[in-house]
1. With a 1.4 Å probe and all protein chains left in place, how much of the accessible area of segment 71-185 comes from carbon and sulfur atoms, in whole percent?
2. Whole angstrom only: what separates the Cα centroid of segment 46-120 from the Cα centroid of segment 164-182?
3. Go ahead and collect, in residue order, the members of segment 46-78 whose backbone nitrogen is under 11 Å from a label point 7 Å along the Cα-Cβ direction of Glu88.
4. Accessible area per residue of segment 84-170 at 1.4 Å probe, in Å²?
5. With the dipole of the chain worked out from charges on the C-beta (+1 for Lys and Arg, -1 for Asp and Glu) around the Cα centre, which of Ile120, Gln70, Ala84 lies farthest toward the positive end?
6. Non-local amide H neighbours of Ile90 (under 5 Å, H modeled in plane, Pro and chain starts lacking H): which ones?
7. In the structure displayed, which of Lys105/Lys184; Lys72/Lys139; Lys105/Lys169 lie more than 18 Å apart, Cα to Cα?
8. Need the full-extension length gain, Glu152 to Asn25, defined as separation in residues times 0.36 nm minus the C-alpha distance. One decimal, nm.
Amino acid sequence: MEKQSVCPWWMGYFLLLPIRKFTHNPQKILKPYIEEGMKVVDYGSGMGYFSLDMAKLVGSTGRVVCLDIQDKMLDGLMARAEKANIEERIKPLLITKKGNLEYLKEQIDFTLLFAVAHEIPDQKELFQNIAKMLKPKGKVLFSEPKGHVSPEAFKASIKIAMENGFEIKESVSIKGGLSVLLEKE
């Protein structure tokens, strides 16, 4: 694995710039995988670049669990959700210790893992946690930035995912990314 470094909380503001929609339009990327009423996870949500669109896609009967390791990222996310009047659809959750995701066991339909796996030191534990949260046949859109992650490192991450209960469902084309749709076996 390559060296991990966590995106500092203040970078969250730069990740929200509207110009980003030209390369990573959340609606276009997520709409094929998220339906109204689903319970979904934005793993490494930051300030919610994808989370708010996920909340719109799941509708009033769905939920988005936003996981991050930084309080300030989740605070920024909830401020944005309140402004958009969709805060009731979003549950922010600080990942602080092992076991605090247990209550999500087999409740999640879909997980977004976008440009975050390379920041996590224990990818085996990452994919084990996601597998535990997902319902049978639940899906993960897994994407890493080409500029930060080599194709070899991405393949190594996919291998870890497959060793922990996932299979490749399809290749996905996302500009500037190495991307795949995984399905829980």
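1. 50 percent
2. Their Cα centres are 20 Å away from one another.
3. In segment 46-78, the label zone of Glu88 (backbone N under 11 Å from the point 7 Å along Cα→Cβ) covers 60-61.
4. On the way: 4360 Å² over 87 residues.
Solvent-accessible surface per residue comes out at 50 Å².
5. Ala84
6. Here the answer is Val64, since their amide H atoms fall under 5 Å of that of Ile90.
7. Lys72/Lys139; Lys105/Lys169, as the Cα separations exceed 18 Å there.
8. That pair, Glu152 and Asn25, stretches by 43.1 nm at full extension.
The values are calculated or read from the model by the stated rules, or taken from the named source; none is laboratory data. Computed from a predicted model, the values in this text were never measured in an experiment. Please note: Cβ atoms are built from the backbone with ideal geometry, for glycine as well, and neighbour counts cover all protein chains shown. Only protein heavy atoms, including side chains, enter the accessible area calculation; ligands, DNA and RNA are left aside. Shrake-Rupley method; radii C 1.70, N 1.55, O 1.52, S 1.80 Å.
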